[in-house]
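Everything on this sheet refers to the single structure shown next.
The values are calculated or read from the model by the stated rules, or taken from the named source; none is laboratory data. This one's a predicted model, so the numbers in the text were calculated from it and none came from an experiment. Here the Cβ is made from the backbone with ideal geometry for all residues, glycine too, and neighbour counts use every protein chain on show.
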């Protein structure tokens, strides 16, 4: 059996990527599904990168990293004021 812990390299306060399982045990010859969720709430347009890191007691692969990238498209809304604009 292999025990594992899951981490991400997302800076504090910018949790745009989360996992539904952060630790557990994988039976011999087995696997564990982990759902990863991306959340763009409060983020401005741009690319956001992180690593998802799995640490385990597997003697051959004690650390596995995979890249996670979220691209947030900027809102195309333009707000102008006052209520009327005049152009020459």
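At-a-glance table
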read-out: Region 10-41, residues that are under 19 Å from residue 74 (Cα atoms) and surrounded by 10 or more Cβ atoms within 10 Å (Cβ to Cβ); value: 14, 15, 16, 17, 38, 39, 40
read-out: Some residue of region 61-69 being modelled with pLDDT of 85 or more, assigned to a loop (DSSP other than H, G, I, E, B) and at negative phi; value: yes
read-out: Scope region 23-46; condition at pLDDT 85 or above, within 16 Å of the chain's Cα centre (by Cα) and part of a strand (DSSP E or B); matching residues; value: 36, 37, 38
read-out: So residue 51, is it at pLDDT 85 or above and surrounded by 12 or more Cβ atoms within 10 Å (Cβ to Cβ); value: yes
read-out: Residue match in region 7-16 (condition: in a strand (DSSP E or B) and at pLDDT 85 or above); value: no
